[in-house]
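Below is one structure, written out as structure tokens, with a few remarks after it.
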Amino acid sequence: MGEVARLNDACVSSPFFNQQFYEKQRIQLHRLLYRLCWPFINPFNIKTMGFDLYGVNPIAPKNNKLEIKALEEQIKKLQDDTELDTADKEERKWALEEKIESLNPGIYFRNNVWWWRPLWNYVCEACDDILTEKDMTKGSYNDGHKISKAKALKIANRLQEQLDNGDVEAWDSKYQLMLQKLPDEDCGVCDGTGYRLKPPKAGAGSIPCNGCNETGKRKHFAQSYPFNVKNVEEFAIFAKHSGGFSVF
Ligand SMILES: [Zn+2]
């Protein structure tokens, strides 16, 4: 999983890669896969870049409903338009769908794998009387496990309570302190010696290690898993409006 995430990071950070285009393509692709039959397309569950959560029956905030309806009508009109070519239509449709998504927080939520694990851990801890063991375990896999509307609402309410009473903030402080206290680890590229073998080989050698700047140490692996209050807030809003959600 780490390998794929690293490859993905390398890809996204490449100056030759248009990240916006990539992001749009990715969202569209996932939407398509979701609409089709996921287990049939991906029987071995190959996807490790992050976690995409889709609202089963997203309920827009009241104040945004009219605007969303107008945008949906624009999409319908677009489909009937005979003047535009297919690519043009698709591009305009995406733009309208993006607007709809921004007006309805229950449609979609994403965390990359690093952010998802601590967030889901927190949700499981806070909602251990709402989620079953199966829900908790399946929430760590990308196989489309569904959380019902009733549970999603309970989760949203519980998280909101904990945001309001300061529990999330307290958890965040403890979590950051725990991360700070973790000792550095030996660098895996040079086996902690500061000098490595010639790339692509890893291990102790005679070349100054670029993985650790010759120190032989690097930050503890767990420090790659961030957590903050804002991420919990965003997830609570998604859960509240999702009408139940699936974890892909
Ligand atoms: Zn090293």
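The values are calculated or read from the model by the stated rules, or taken from the named source; none is laboratory data. Quick caveat: nothing in here was measured; it's all calculated off a predicted structure. FYI the Cβ positions are ideal-geometry reconstructions off the backbone, even for glycines, and counts take in every protein chain you see.
Within region 109-149, if we keep just the residues that are among the β-branched types (Val, Ile, Thr) and under 16 Å from the mean Cα position of the chain (by Cα), the residue that is surrounded by the most Cβ atoms within 10 Å (Cβ to Cβ) turns out to be Val123.
Just to be sure I understand the filter: pairs with C-beta atoms under 6 Å, separated by 6 or more residues or on different chains, first member in region 179-199 and under 12 Å from Phe221 (Cα atoms) and modelled with pLDDT of 95 or more, second member more than 11 Å from the ligand (Cβ to nearest atom) and not in a helix (DSSP H, G or I). Which pairs pass? Filtered contacts from region 179-199: Leu182/His220; Glu185/His220. Being within 16 Å of the ligand (Cβ to nearest atom) and of a type in the set (A, V, I, L, M, F, W, C) is a description that does not apply to Leu179. Given the structure, is Pro208 within 14 Å of the ligand (Cβ to nearest atom) and free of Cβ contacts under 8 Å to residues at least 12 places away in the same chain? Considered against the rule, which asks whether it is within 14 Å of the ligand (Cβ to nearest atom) and free of Cβ contacts under 8 Å to residues at least 12 places away in the same chain, Pro208 comes out as no.
Report the residue count in region 211-237 for those that are within 11 Å of the ligand (Cβ to nearest atom) and either among the charged types (D, E, K, R) or touching a residue at least 60 places away in the same chain (Cβ under 8 Å) (or both).
Start the filter on region 211-237 by keeping residues that are within 11 Å of the ligand (Cβ to nearest atom), which leaves 211-218.
Cutting the leftovers down to either among the charged types (D, E, K, R) or touching a residue at least 60 places away in the same chain (Cβ under 8 Å) (or both) gives us 214, 217-218.
The total comes to 3.
Please work out if Lys149 is out of contact with any helix residue (DSSP H, G or I) (no Cβ under 7 Å at 6 or more places or on another chain), more than 16 Å from the ligand (Cβ to nearest atom) and farther than 25 Å from Trp114 by Cα. Criteria met by Lys149.
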